[in-house]
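The values are calculated or read from the model by the stated rules, or taken from the named source; none is laboratory data. All values derive from a computational prediction rather than experimental measurement. Don't worry about glycine lacking a Cβ; one is built from the backbone with ideal geometry, like all the others, and counts go over all protein chains shown. For accessibility, only protein heavy atoms count, side chains too; no ligands or nucleic acids. Shrake-Rupley method; radii C 1.70, N 1.55, O 1.52, S 1.80 Å.
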Amino acid sequence: MIGKENAEHYQWGEQCDGWYLVKRQDMSVIHERMPPDRREARHFHSRSRQFFFVLSGELTMELEGEQHRLTAQQGLEIPPGEAHQAQNLSAEPVEFLVISHPTTRGDRTELA
């Protein structure tokens with residue numbers, strides 16, 4: 001069994017946390033926590049398809065120039081090659097799952 005309490009933890013960006021629930025080359029599942037007023041760098045993946053699923057809070061996902069506001073129990077699929085940026089524009093932390101197939105390791109191009 002795996003959960004936040006026993007998963008491999010890492011920090012990214014400004015005070016954001018990630019926990020690897022599944023860490024394989026063919027697939028990854030990461031539980032992430034993003035404090036208010038934080039965002040990841042806008043980027044795309046050439047091969048990886050992703051699915052973001054909100055557990056608690058509110059996540060704003062910019063996908064190819066369109067803003068999507070996701071709340072608890074809502075998700076959004078990100079196809080390969082499409083530019084996107086996860087953002088927490090709310091006043092509360094957001095927790096979400098990021099499921100990637102295959103893994104995004106070595107498959108990320110950041111955009112200006």
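Within region 85-112, being aliphatic (A, V, I, L, M), open to solvent by 50 Å² or more (accessible area, probe 1.4 Å) and either under 14 Å from MET34 (Cα atoms) or in contact with a Pro (Cβ under 8 Å, 6 or more places away or on another chain) (or both) holds for LEU89, ALA91. Residues in region 1-32 that are farther than 13 Å from ARG105 by Cβ and in contact with a Pro (Cβ under 6 Å, 6 or more places away or on another chain): GLN15 only. From the list ARG38, ARG24, ARG105, the one residue that fits, being of a type outside the set (S, T, N, Q) and at pLDDT below 95, is ARG105.
For region 1-23, a residue qualifies if it is under 17 Å from ALA86 (Cα atoms) and hydrophobic (A, V, I, L, M, F, W, C), and the qualifying residues are TRP12, CYS16, TRP19. Determine whether ALA41 is under 15 Å from ARG108 (Cβ atoms), in a strand (DSSP E or B) and small (Gly, Ala, Ser). No. The single condition among (1) part of a strand (DSSP E or B); (2) surrounded by fewer than 17 Cβ atoms within 10 Å (Cβ to Cβ) that GLU82 does not satisfy is (1).
For region 31-66, the tally of residues that are at positive phi, touching a residue at least 24 places away in the same chain (Cβ under 8 Å) and open to solvent by 50 Å² or more (accessible area, probe 1.4 Å) stands at 1.
The residues of region 62-79 that are of a type in the set (S, T, N, Q) and not in a loop (DSSP other than H, G, I, E, B), listed by number, are GLN67, THR71. Counting the residues of region 96-112 that are part of a strand (DSSP E or B), more than 16 Å from HIS68 (Cα to Cα) and not aliphatic (A, V, I, L, M) gives 4.
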